[in-house]
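One structure below.
Read-outs throughout are calculated quantities, based only on the coordinates presented, and are distinct from any laboratory measurement. Because the structure is predicted, anything quoted here is derived from the model rather than measured. Backbone-built Cβ (ideal geometry, glycine too); neighbour counts: all protein chains shown.
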Amino acid sequence: MKFFLLKDQTVFCRKLSIAACVLSMALILFASVEATPRAGGPGNERDTSPASVLVPEALEGAIEKVWITYGVRVKGVLGLRIHTKFWVKNALNVGCSIQATVERADGKSMLSKSVGTVYQDGKKVLVLSTFTPPYDPATYPDTKLFIPYWALNLQAENPNKMKLNIVLVGEAKQFARSSMDFGVPLGKGL
């Protein structure tokens, strides 16, 4: 008698699983038919819901550290070297730049015109370096920018207080910023 009960239970389970499979296939078929756009009717509009639109991720980055080395000579020209440590994300193979602007705290002009790789930006001095990240994310432990002292309009009677602004730019947008105040000491080399 137990044999017949087990056999009946096995048959019942098989029939139940077959019915469940048929029902799930019918639901899948029904859902795909409903989702297929029809010519000339509703549903032909392009689906622009947030889940269906692929938007590239925004560039991200951070300037972790900025430091200055004074009295540096580059090709015989005395100046200061700005060091930066930063990282960028979502910038794989995107043309980027790190830009440093220096302005005097007293508001006096720095340069009368751009010279070589040192640019006039209003009353500020601008230097920059371009880069294209080969990795995502990419870390730059010590990017160097040089500003010659002649571009800073240094004055012996003035404490030469300056403000340094560093920005990361990619796709014509700034995506990281840092700033600091500093002074330029006048030494025998000037």
Check your understanding: So how many Lys-Lys pairs in segment 80-163 land under 15 Å Cα to Cα, not counting same-chain pairs under 8 apart?
Key -> 11
Study note, to complete from the structure: So, over other residues within a Cβ distance under 15 Å of PRO137, counting Lys, Arg +1 and Asp, Glu -1, the net charge is -2
Point to revise | For ASP121, residues with placed amide H under 5 Å, excluding near neighbours | key: LEU126
Point to revise | Neighbour cut-off at most 13 other Cβ (10 Å), DSSP loop, chymotrypsin sites (Phe, Trp or Tyr not before Pro), segment 106-190 | key: TYR135
Practice item. With a cut-off of at most 10 other beta carbons within 10 Å, and DSSP calling the residue loop, which trypsin sites (Lys or Arg not before Pro) in segment 113-174 qualify? Please list them. Key: LYS113
Exercise for review: Between ASN165 and THR143, with labels modelled 7 Å along Cα→Cβ, what's the label distance in nm to one decimal, could you check?
Suggested key: 1.7
Practice item. Mind checking the full-extension length gain between VAL94 and GLN174? Use 0.36 nm per residue of separation minus the Cα-Cα distance, one decimal, nm. Key: 27.5 nm
Revision key, fill the gap. Plugging the Cβ-Cβ distance of THR117 and TRP150 into 1/(1 + (r/R0)^6) at R0 = 22 Å yields, to the nearest 0.05, a FRET efficiency of 0.95
Review point. What distance in nm separates the simple spin-label points at LYS85 and ASP136, each placed 7 Å from Cα in the Cβ direction?
Key: 2.6
Review point. What is the extension gain from ASP181 to VAL74, computed as 0.36 nm multiplied by their sequence separation minus the C-alpha to C-alpha distance, in nm to one decimal?
Key: 36.2 nm
Revision key, fill the gap. Scalar couplings 3J(HN,Hα) for segment 102-107 by Karplus 6.51 cos²θ - 1.76 cosθ + 1.60 (θ = phi - 60°), nearest whole Hz, x for Gly and Pro, are 10, 9, 6, 5, 7, x
Point to revise | Radius 12 Å from Cβ of LYS65, net charge of other residues (Lys, Arg +1; Asp, Glu -1) | key: -1
**Study point:** Stokes-Einstein D (µm²/s) once Rh is taken as the Kirkwood radius of segment 89-173 over alpha-carbon pairs, at 20 °C in 1.002 mPa s
**Key:** 150
